[in-house]
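K.L.:
Just passing along the structure, written as structure tokens.
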Amino acid sequence: MHAALSFGLLLAGAAQSGMQLGELDVPRAKAKQFVVYASEAQTVPAGKPATLMLRFRVEDGYHINSHQPTSELEIPTTVELVPDAGVRLEKTQYPTGKIYVPAFDPSEKLDVYAGEFIVRLPVVAAAGSHSLHGSFKYQACDRAACYPVKTLPLDVLFVAR
């Protein structure tokens, strides 16, 4: 019944807007992102070890596997960035996960991220403006299921002075 109602509303909306219903004529729904990256400009001392903070937030009702999941069947969260000229990246520092016990298997303890968390990125950068481009790869789950792996594009902008 719900699907019929949705389709009926789609037909009504298409008729009002003059759209044709066809595979290429109706815009596709955007894929859900379960994680938000808060991009913010940062300043670090030039030529000295410093740490960039990458702030993420997992949407309410979901969690993602940590960087070091408790099972080899779980896909770890990873940050991959390409340094720009004059930037040396050190090993990414992931936060400690939280233990989550799924309702469907109380004997299992999963290591996850939920809510807000920070990934630390140690760098040494020459003076100037820099940008790092890459991705944040994760697998989101809710209380009942896990979803296909997602990749969130990352742009990290900072100035070394």
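Read-outs throughout are calculated quantities, based only on the coordinates presented, and are distinct from any laboratory measurement. Keep in mind it's a predicted model, so treat the numbers as computed, not measured. Counting neighbours? That spans all protein chains shown, and the Cβs are built from the backbone with ideal geometry, glycine included.
K.L.:
With label points built 7 Å along Cα→Cβ from the Cα atoms of Ser129 and Glu80, find their separation and express it in nm.
P.N.:
2.8
K.L.:
List the trypsin sites (Lys or Arg not before Pro) in region 55-106 that DSSP assigns to loop (not H, G, I, E or B) and whose Cβ has at most 12 other Cβ atoms within 10 Å. Which are they?
P.N.:
Loop-located and lightly packed - Lys91.
K.L.:
How far is it, in nm, from the label point at Arg120 to the one at Val159 when both lie 7 Å from their Cα along the line to the Cβ?
P.N.:
For Arg120 paired with Val159, the spin-label model returns 2.5 nm.
K.L.:
Please find the FRET efficiency linking Arg55 to Asp142, where r is the Cβ-Cβ separation and R0 is fixed at 25 Å, and quote it to the nearest 0.05.
P.N.:
Calculated transfer efficiency: 0.65.
K.L.:
What is the distance, in nm, between label points placed 7 Å from the Cα along the Cα-to-Cβ direction at Lys32 and at Thr92?
P.N.:
Spacing of the two 7 Å Cα→Cβ label points: 2.4 nm.
K.L.:
Hey, can you rank 101-107, 144-150, 124-130 by average C-beta count inside 10 Å, highest first?
P.N.:
Descending packing order for the listed peptides: 124-130, 144-150, 101-107.
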